[in-house]
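Trainee: Before anything else, here's the structure in question.
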Amino acid sequence: MTAVSAPQHVRVSVSDAVATVTIDRPPANAFDPALIADLLTALKPLVADPTVRCLVLRGTGRFFVAGADIRVMRELTEETQRAMRPWVQVQRMLETAPKPVVAAINGHALGGGAELTLACDMRVMTESATIGFPEIELGLFPGAGGSQRLPRLLGAHRAKLLMIEGTRLTAAEALRIGLVDEVVADAEFSARIDELAASLAAKPTRTVGLLKDIVERGLDLPLEDALELEFAAVLELIRTGDAAEGLQAFLDKRTPSFDGR
């Protein structure tokens, strides 16, 4: 595994086409403008690097991300809100990355931390962690993507209830309602994340990127327009080396070896 230099509150390591981005801002990995800037700086080259074929985002200690730093948020000014707003840019960078992105929810993911997981393609949670949107208890609501992404994931009614009640869910509860995709015993968590990331990195990355793009853009289009978008992507897809490799491997009765191009 190769350690890559990164800003103060973020550690990056790359191994076998998997880049792991670890948020490390004790004691709870709460985010402030400095951490947001660190993440944007660390993620930008990884998203653009074609040799990185899977991104994993995780935290340290008992927390994934506890949410926004209350010491910053207690300043109820427009300037504060604008300074914290780039948290949405971090999410969009992950959401639009042309490669699979895994939220490795190693610990509690609350408020803005839970919002961050919604921008990832897969959410895998350790058994002892919790996840939720408790902003209502502060007189706030999930205003950094959560109020829009959560209804798209769970449906408007269930999402509104979770946010209005400020529900903090166990891993089992989050799995039951579809908020996360997998729950893993604490002792097996890191090994499972490594296994999953390696599997995703072996997939045809260009195909994954095209799929993510057309699903997101197609959601806001009438069906006929979305189908045209899909066909344009198909025409681009058939020019990729991975499509040729996948079909030939099927005919040869062997496992395909994709290179992400």
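Bear in mind that the values in this text are calculations on the coordinates, not laboratory data. Since the model is a prediction, treat every value here as computed from it, not as a measurement. Neighbour counts run over all protein chains shown; Cβ positions are idealised from the backbone, glycine included.
Trainee: Which whole-angstrom value gives the distance between the alpha carbon centres of region 95-140 and region 219-250?
Mentor: Result: 30 Å between the Cα centres.
Trainee: Taking a temperature of 4 °C and a viscosity of 1.567 mPa s, what whole-number D in µm²/s does Stokes-Einstein yield for the chain with Rh from Kirkwood over alpha carbon pairs? Can you show the working numbers first?
Mentor: Values: Rh = 19.2 Å.
The calculation lands on 67 µm²/s.
Trainee: Quick one: if you stick a label point 7 Å off each Cα along the C-beta vector at residue 136 and residue 170, how many nm between them?
Mentor: 2.1
Trainee: Shifting gears a bit: Treat each spin label as a single point 7 Å out from the Cα along the C-beta direction, and report the residue 16 to residue 213 distance in nm.
Mentor: 2.9
Trainee: Among 73, 125, which comes first, then next, by fewest other beta-carbon atoms within 10 Å?
Mentor: With the sparsest Cβ surroundings first, the list reads 73, 125.
Trainee: Find how much the distance from residue 127 to residue 244 grows on full extension, using 0.36 nm per residue of separation minus their present alpha carbon separation; answer in nm with one decimal.
Mentor: Here the answer is 38.1 nm.
Trainee: Report the residue, chosen from 113, 67, 209, that carries the largest GNM mean-square fluctuation when the chain is represented by alpha-carbon nodes joined by springs under 10 Å.
Mentor: 209
Trainee: Considering only the chain, what is the antiparallel percent among its DSSP beta bridges, to the nearest 5?
Mentor: Antiparallel: roughly 35 percent of the beta bridges in the chain.
Trainee: With runs of 4+ DSSP H residues as the only contributors, calculate the mean residue ellipticity of the chain at 222 nm using -39,500 (n - 2.57) per run, divided by the residue total and rounded to the nearest 500.
Mentor: So the calculated ellipticity at 222 nm is -14000 deg cm²/dmol.
Trainee: Relative contact order (percent) for the chain, with alpha-carbon contacts under 8 angstrom and 6 or more residues of separation?
Mentor: Here the relative contact order equals 16 percent.
Trainee: Give, in nm to one decimal, the length gained when the segment between residue 37 and residue 186 is fully stretched (0.36 nm per residue of separation minus the Cα-Cα distance).
Mentor: Net length gain for the segment: 50.6 nm.
Trainee: Also: For region 104-255, just run the numbers: alpha carbon Rg, then divide by 2.2 N^0.38 Å, N being how many residues it has.
Mentor: Dividing the Cα radius of gyration by 2.2 N^0.38 Å gives 1.27.
Trainee: Over the chain, how many pairs of lysines fall under 21 Å by alpha carbon, counting only those 8 or more apart in sequence or from different chains?
Mentor: 6
Trainee: Got a sec to turn the phi values of region 193-208 into Karplus ³J(HN,Hα) couplings, 6.51 cos²θ - 1.76 cosθ + 1.60 with θ = phi - 60°, whole Hz, x for Gly and Pro?
Mentor: After applying 6.51 cos²θ - 1.76 cosθ + 1.60, I find 4, 4, 5, 5, 4, 5, 5, 5, 5, 7, 7, x, 4, 4, 5, 4 Hz.
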